[in-house]
Amino acid sequence: MTVKNRSKFAVDAESFRVQLAGKSGPAYWRSLDELAQSDAFREYVENEFPDQAAAPADALTRRNFLQVMGATLALAGVSGGCARQPNEKIYPYVKAPEEVVPGKPLYFASAHVEGGYGKGILVESHMGRPTKVEGLPGHPATDGATDAHMQASILDLYDPDRSQSVMHRGELSTWDRCVVDMNGVLDTLRPRGGEGVHLLTGTVTSPSQARMLSRLLGSYPNARWHQYEPMSRDNVREGIRRALGDTLEVIYHFDRADRIVTLDADIFSEGPANIRHMLDYASRRSVIDGARGNHPGGADGDSDGDHAVHTPPLNRMYAVECTPTLAGASADHRLSIRPGQMNAVAQGLAAAIGVDGASASVDDSESIRTWIAAAATDLAAHRGRGIVIAGENQPPEIHALAYAMNDLLGNVGSTVTTVATPEARPVNQLESLRDLVADLNADRVELLLILGQNPVYATPADLDFAAAVQRAKTVAQLGRYLDETSDYAHWHVPELHPLETWGDVRAYDGSVLLIQPLIAPLYGGKSTLEFISALVDDAERSAHDIVQANWRSAGADSWQIALSQGFIEDPGAAWSGGEVSFPAAQRSGRTAPRPAGTDAVDDGDGFDICFRPDPTVGDGSYCNNAWMQELPKSLTKVTWDNAVYISPVTAGALGLENEDRVRVTYRERSVEGAVWKQPGHPQNSITVHFGYGRPAAGKVGRDMGFNAYSIWTSDTAGFGRGARIEAIGGKYALACTEGHYAMENRGLVRHFSQETFNGSEHPAELVTHGEHHEFHTAGEDETLFRADWQEWHGNKWGMTIDLNKCVGCNACITACQSENIIPCVGKTEVRKGREMHWIRLDRYYTTGSTWHSYLPMAGESESVLENPNVYFQPLPCMQCENAPCEVVCPVGATQHSREGLNDMVYNRCIGTRYCSNNCPYKVRRFNFFNYSKTPLGSRGDRVTRANINWTHKNPESLKPMRNPDVTVRGRGVMEKCTYCVQRINLQRIEDKKNGRVMYDESEAAGPVDRLQTACQQACPTRAITFGNLNDPESAVAVSARSPRNYGILTELNTRPRTTYLARLTNPNPELDGVVGS
Amino acid sequence: MFEPLRESWRNGSPLQWNRVYDLPDFAYFNHSIHVNKGIGCSTCHGEIHKMPLTRKAVSLRMSWCVACHKDPAPHLRPLEDVYNMDWKPARNQRELGEQFIEERNIQVAQLINCSICHR
């Protein structure tokens, strides 16, 4: 039996029209094929275990059968069976470091740096090896939570593809020679005040870096410092400057906001405060459920018999957006518009609120006007308790407009506040880059120092940086990889990972984070601080000395206290770098306002095109990170690639199918990629993601997808108009997981409007049976299983996941991958449905019943595809009490523990996969190959013997990253979520040593001691609760008693320990039946 | 006899010990909980103070581990005897052991769960 290629499902637009017209499609669906119930989908579902089928590479002949068997027998003889273990040595410390106890981890506070801004982290270290990143409790930017990028940063540290030595014109060289050469050039330029010296960095918030740069520019006053981040916050900076005349950092307090309107703002993914946004947003989606009658009151205190008691009341979010984002998925109302319409919608909203100068556009459709009016009324009714926020890729006008609306609504000062910018020298970064390119092209650049950036890859195509940079006399690059820019750099110096060096950085709120190293540099290299020090100091100073000197000069608290706390919340001006001055030439610059993107060239019938950072690999900086590559993008579920995302309706009109190769042409430049139809995407527009198509990433990310930078122009803000799309024939295989582990439409996600829920006589029944789910729920006694373990009075582990809070950010998946050393399998294996993630994030669309069309050209069925409701459901192992997997294992490799865990014993498993076949939730994962030995893959492929080369043989560097408390699984072994049994065991042992029998959450204190599963600890919305169900006071027991609680597929009498809390929506009654979710 | 130790201190290179008690990598053993609940050193390591050359005193096979996990009473000592290499079971060891199980909250039924040692 061969594996059917399920990614090649073909659905013609006609078939889902027919399905929708007859209303026979499922109410909840994951893919268009499921919606249309296409033949391919039926075949996939009915072919019971499609991912389990092994396809032999070659037909097995008698001759090669004998060869294979011969080799197997020979090996069996060599290894001598399993009688003895290999001899091992023990190497103790000669002089043991302080506090290191073998087997016990230590935790160090440090910082994760992204886009120049910091987020506080707490790093777990085993015997000097950092193994896991957690959020830093108490730090405003994280408060103990993480996002997927922070989790994945640990893999970047150990990446064997990192550059490992100083290179000079492609030859190995040394740091000393590099310093001599650079200082030689500087000396010749010194008489001219350093004219011709150019420095390119990312956004700089680090006080120490600012101080060093200030010294460098002090010595060379005519040198120029350029800052450029590919995903720059120019729009944000410029917008606030227009509104207030000063560059400030705007802070949004979603915990205080009753009403939120996002204008293409993906508040959960973009910006340095995204985790804070998720924490705060979810705090207003937190519902403390009480029994009926016990807790009167509720939302706005307006109804008597409320079951849901929430203080403060549920928020309500309106999202206006082009490319579907996480914010839109969570919103109560989502308006899907073409990017070109955004200005009109924002103006309309501002006009309705009463902002001077805003004009309501006349050509909006009736339903858009209704929508805007309702949102405006709602905002006005919640003065001082609302937020209007514009997205980073919207032009400055929209940001200024949003601020004006907030000002007029009295939100400024309560939900919207400002602080001094944490940036050392805020500039318009695109202009800064433009200046650099102009100087390069005018042959004015003698020495170009590129610190940590990759401008040859990640810059607008029209600037043609690759051509310009060749005109510089000397180019030196400090970078973690030999990347696209390294090809043009005379000198390349390996850059240290933040976990290898000292440093400091500021977070969005201005607090200063200290970066402390967790490990000595793996490959040598320099940090930015040391690099600059080599140019300005007589004797190069270490990063430690530089940071400490800066700290000392500020007269701050004890160094030890600062380090252990990890951050200084309210740094004085001296400490934060506020007093650092730069030569006047640096301040003025040539910072003309950039051309507005909204009014860009419109050549009639072309498509709108949105440029966005990729949801997983970002601007390309996580391109070589296998965890990020294999992480299904939250909404599209595509892995290992970017794609040309278009609306299914547009695809139907153009006759395009998923995976069809197309050419996208924008401003005379074109790029070729594969089409993916994304429900919720506006019509006649295209979204492309940056971060892919890199010729010189490491072996993981090289040549995956297409390079969207190659059609991006410097006058395009986040989007442009006049793009064309044409089929060029052929298919490009994408690895999309949206249809994997399908459980079909069986009442899996449940949700109610707040009103329905509060008004219901028996809300628990509402949830149990749901609107469409009339299932039999088995009673306690209806079982063939032994029930004696149920008398257990010790710990009874359980988990609840609150769908009301989950925003689908993927942090749990990556945290689990890091904690439980889950391998990546590569693109081809993902296409076969063999991804190994223990927790998956199912994304459902629903046709709902209140959708309506608002575009005149769209029929009813089409608007379903244009703006479906989105529901996320994280799905770990259910740890069933009556576990179907256990009874079918012929070797007893999966057993039930007293505490209710569904234990997996790897060393017993012989790989029959019966358990997986019998699991109704499809949460078991099988090691089809020795994934842990070839963990990185190459160009998204699992390494096979045919294409193995020396670079694949050194995953040695990845071994220290593995959590020593978890077994490494080999080929032929089944695995699955364990509820992080290693953490449970450690906590249980501690409890028992202290004489306790049961785990009691109230007594366990401190971030490190508290028992949390990895997914729970990472979750930025606190949607996951885990603990002891036998402790009636525990958080998990409370939420398991909630009337919103339900289990999935409970009609099978599996009695799952993982249960869900139904989502409550908070729609505006005025918009009932208008548009959006 | 201690020259290798001194040598190690002088030149900073660690001593190389041969591992004698080597559990498979998929089995996890925590010393502290055993010591805290009254399992003495010599129960697993034998009369190590009388071994000129260290050897494995017990098989370390799973059946050996599980025998004690199923019925720890014969091996439980008064806590002050944990480090006593010459400890011998008392005459009324069964009775005493059951008493220790009670006193120390040892949940015997749980001890043979797979995930107690395998994870």
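The values are calculated or read from the model by the stated rules, or taken from the named source; none is laboratory data. Please read all numbers here as calculations on a predicted model, not as lab measurements. Note: ideal-geometry Cβ built from the backbone for every residue, glycine included; neighbour counts use all protein chains shown.
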When you go through A:170, A:196 one by one, which is the residue that is farther than 30 Å from residue A:130 by Cβ and crowded, with 21+ Cβ neighbours inside 10 Å? A:196
Yes/no for residue B:22 being more than 28 Å from residue A:87 (Cα to Cα) and out of contact with any His (no Cβ under 8 Å at 6 or more places or on another chain): no
Within the range A:86-100, work out how many residues are within 11 Å of another protein chain (Cβ to nearest Cβ) and either surrounded by 10 or more Cβ atoms within 10 Å (Cβ to Cβ) or part of a strand (DSSP E or B) (or both). 8
Might you check whether a residue that is in contact with a strand residue (DSSP E or B) (Cβ under 8 Å, 6 or more places away or on another chain) and under 21 Å from residue A:231 (Cβ atoms) occurs anywhere in the range A:646-661? no
Restricting the range A:503-527 to residues that are modelled with pLDDT under 90 and of a type in the set (Ser, Thr, Tyr), the residue that is surrounded by the most Cβ atoms within 10 Å (Cβ to Cβ): A:511
I'm trying to understand the selection: among the residues of the range A:533-556, which are assigned to a helix (DSSP H, G or I), free of Cβ contacts under 8 Å to residues at least 12 places away in the same chain and over 30 Å from residue A:129 (Cβ atoms)? A:552
Inspect all residues belonging to the range B:63-86 and state whether any of them is closer than 30 Å to residue B:1 by Cβ, β-branched (Val, Ile, Thr) and in contact with a strand residue (DSSP E or B) (Cβ under 9 Å, 6 or more places away or on another chain). no
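Per-residue answers, yes or no, for (1) in a loop (DSSP other than H, G, I, E, B); (2) at pLDDT 90 or above:
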{"position": "A:140", "(1), (2)": "yes, yes"}
{"position": "A:143", "(1), (2)": "yes, no"}
{"position": "A:149", "(1), (2)": "no, yes"}
{"position": "A:152", "(1), (2)": "no, yes"}
{"position": "A:156", "(1), (2)": "no, yes"}
{"position": "A:160", "(1), (2)": "yes, no"}
{"position": "A:165", "(1), (2)": "yes, yes"}
{"position": "A:178", "(1), (2)": "no, yes"}
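Yes or no, residue by residue, for (1) modelled with pLDDT of 85 or more; (2) not in a loop (DSSP other than H, G, I, E, B):
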residue: A:774; (1), (2): no, no
residue: A:799; (1), (2): yes, yes
residue: A:813; (1), (2): yes, yes
residue: A:821; (1), (2): yes, no
residue: A:824; (1), (2): yes, no
residue: A:833; (1), (2): yes, no
residue: A:856; (1), (2): no, no
residue: A:863; (1), (2): no, yes
For residue A:1032, indicate whether it is part of a loop (DSSP other than H, G, I, E, B) and out of contact with any Leu (no Cβ under 8 Å at 6 or more places or on another chain). yes
Return the pairs, sorted by first residue and then second, in which the second residue is among the small types (Gly, Ala, Ser) and not in a loop (DSSP other than H, G, I, E, B), the first residue lies in the range A:898-917 and is within 14 Å of another protein chain (Cβ to nearest Cβ), the beta carbons are less than 7 Å apart, and the residues are 6+ apart or on different chains. A:898/B:109; A:901/B:115; A:903/B:115
Looking at A:457, A:403, which is the one that is within 26 Å of residue A:241 (Cα to Cα) and either among the charged types (D, E, K, R) or modelled with pLDDT of 90 or more (or both)? A:403
Among A:318, A:281, which is the only one that is modelled with pLDDT of 90 or more, of a type outside the set (A, V, I, L, M, F, W, C) and under 15 Å from residue A:402 (Cβ atoms)? A:318
Report yes if residue A:665 is within 20 Å of residue A:613 (Cα to Cα), β-branched (Val, Ile, Thr) and in a loop (DSSP other than H, G, I, E, B), otherwise no. no
Regarding residue A:83, is this residue farther than 22 Å from residue A:816 by Cβ, surrounded by 10 or more Cβ atoms within 10 Å (Cβ to Cβ), at pLDDT below 90 and within 14 Å of chain B (Cβ to nearest Cβ)? no
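One line per residue, one yes/no per condition, for (1) surrounded by 18 or more Cβ atoms within 10 Å (Cβ to Cβ); (2) more than 9 Å from chain B (Cβ to nearest Cβ); (3) on the phi > 0 side of the Ramachandran plot; (4) at pLDDT below 90:
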site: A:954; (1), (2), (3), (4): no, yes, no, yes
site: A:957; (1), (2), (3), (4): no, yes, no, yes
site: A:967; (1), (2), (3), (4): yes, no, no, no
site: A:971; (1), (2), (3), (4): no, yes, no, yes
site: A:977; (1), (2), (3), (4): yes, yes, no, no
site: A:991; (1), (2), (3), (4): yes, yes, no, yes
Would you pick out the residues in the range A:633-662 that are part of a strand (DSSP E or B) and within 24 Å of the chain's Cα centre (by Cα)? A:638, A:639, A:644, A:645, A:646
Kindly evaluate residue B:94 against the criterion of being more than 12 Å from chain A (Cβ to nearest Cβ) and touching a helix residue (DSSP H, G or I) at 6+ places or on another chain (Cβ under 8 Å). yes
When restricted to A:484, A:495, A:500, A:530, the only residue free of Cβ contacts under 8 Å to residues at least 40 places away in the same chain and either surrounded by fewer than 24 Cβ atoms within 10 Å (Cβ to Cβ) or of a type in the set (Asp, Glu) (or both) is A:530
So which residues in the range A:117-135 are under 17 Å from residue A:502 (Cβ atoms) and not in a strand (DSSP E or B), if there are any at all? A:128
If you go through the range A:230-242 one residue at a time, do you hit one that is free of Cβ contacts under 8 Å to residues at least 60 places away in the same chain and within 22 Å of the chain's Cα centre (by Cα)? no
